[in-house]
Every structure is written in structure tokens, then in C-alpha cells.
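Scroll down for the structure; my scribbles are underneath it.
Every number here is computed from the coordinates shown, using simple stated rules; none is lab data. Note that the structure is predicted; figures quoted are calculated from it, not measured. For neighbour counting, all protein chains shown are included, and Cβ atoms are generated from backbone atoms with ideal geometry for every residue, glycine included.
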Amino acid sequence: MAASDRQPATGNYGADWVYAGFWIRVWASVIDTILLAIVLWPLVAWLAPEPTTSSARIFTGQGTLDIHALTFNTSLASSGPMDILVNWLLPAAVIIVFWIYRSATPGKMLIGARIVDARTGQAARTRQLIVRYAGYYVSAIIFMLGFIWVGLDRRKQGWHDKLAGTVVIRRARTGRPGRDFSSTDQPE
């Protein structure tokens with residue numbers, strides 16, 4: 001079933017939804033990063049079981065912590081095909097699949113947020129989500145300004161959201177009026 005054929009699980013988004021702001025989205029990203037690391041670290045260890053000499057021990061001879069031992073400083077850290085697969089393609093695929101089927105990553109789900117089409121408030125199309133992911137690189141390339149833009153924009157859109165025509169929304173807190181996403185005459 002294509003993403004454009006799906007109706008959102010909650011139906012039309014009404015006035016109880018608001019744009020998800022900068023800090024709540026940062027928190028969701030931290031959660032996603034931790035979860036992705038938990039999944040990838042064993043995979044990296046399995047694919048590259050022989051650590052380099054600098055990461056063989058957690059503590060140095062003087063009893064101090066060797067910070068390099070806590071990084072992915074393994075033979076996999078080259079720019080070979082496994083590096084591209086594990087560090088670039090696998091995370092991209094996982095994130096896009098979550099966006100397609102759940103309209104959110106686990107971090108966004110935990111904060112009650114979801115990604116929707118900016119014009120209709122309905123589930124974003126697969127093409128929009130792929131463009132949104134590619135837009136992450138655009139958002140990051142100039143000192144992360146595209147992500148910081150979320151805190152400056154009236155609709156809380158980063159550059160990746162603007163490129164894809166998406167917004168991130170979450171349930172409004174009790175007593176705080178939300179934005180009505182049920183109409184299609186959204187201001188740009």
C-alpha cells in the first residue's frame with residue numbers, strides 16, 4: 001500500500017494539533033540517535049570484530065579512560081562498502097520506513113509528534129519523505145542552519161521540511177489552543 005493511499009491513523013488533524021518546536025524535536029532526535037546507536041553498535045562489532053590498537057582497551061595504562069575506545073574506531077571505519085551500508089544506507093532506510101508506515105520515528109512517537117503534508121495535514125507521500133531525508137543534508141551543510149531554522153520559522157519548518165512540503169505536528173497541551181489542520185487553505 002503506497003503512503004499516498006493511506007489515511008492517517010487518527011483521521012483528520014483538527015485544532016488539537018500544534019507545530020512541534022525546536023527543542024521538542026531536538027529531544028526526539030536524541031532519542032532516535034540513542035536507539036540507532038543501540039542497534040548499530042552490535043552490528044558494527046559483528047562486522048568488524050577486530051578493533052584497532054587504539055580501541056583495544058577502555059582504560060589506558062595510567063588508569064584513565066581512553067575516549068577513543070568508546071567510539072566506532074574499528075577497521076569498519078574506512079570508507080568502504082560496509083561503512084556506507086552501516087553508516088549511511090541502513091539508517092536512511094530505517095528512518096524512511098518509519099516515516100512511511102508510522103509518520104514518525106520512535107523519538108517522534110514518544111513525544112507524540114508526526115510528519116504530515118504541510119498543505120493538507122494528511123500523511124506525507126513517500127516522495128515527500130525521501131526528499132525530506134535528502135533535505136537533512138541541505139539543512140546540515142551550512143553550520144546546521146537548516147535545523148536551527150525550526151526555532152525561527154512560524155510553522156516550525158526546517159529547510160528539509162520546506163523542501164519536502166512537510167510539517168511536524170504534535171498534540172497541543174491542555175488549555176493551549178492548537179492549529180486547525182482540517183482546512184486546506186493553509187498560509188504558506
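Restricting attention to the stretch 105-115, report how many residues are more than 11 Å from residue 31 (Cβ to Cβ) and surrounded by fewer than 22 Cβ atoms within 10 Å (Cβ to Cβ).
1
Given the options 134, 124, 92, name the one that is of a type in the set (Gly, Ala, Ser) and touching a Ser or Thr at 6+ places or on another chain (Cβ under 6 Å).
124
Of the residues that sit in the stretch 24-48 and are in contact (Cβ under 8 Å) with a residue 40 or more places away in the chain and closer than 11 Å to residue 150 by Cβ, which one is farthest from the chain's Cα centre (by Cα)?
Filtering the stretch 24-48 for residues that are in contact (Cβ under 8 Å) with a residue 40 or more places away in the chain and closer than 11 Å to residue 150 by Cβ, the one farthest from the chain's Cα centre (by Cα) comes out as 24.
(1) surrounded by 19 or more Cβ atoms within 10 Å (Cβ to Cβ); (2) touching a helix residue (DSSP H, G or I) at 6+ places or on another chain (Cβ under 9 Å); (3) not small (Gly, Ala, Ser): which one isn't true of residue 131, the others all being true?
(1)
I need the full set of residues from the stretch 126-145 which are part of a helix (DSSP H, G or I) and of a type in the set (Val, Ile, Thr), in order please.
Hits for the stretch 126-145 are 126, 130, 131, 138, 141.
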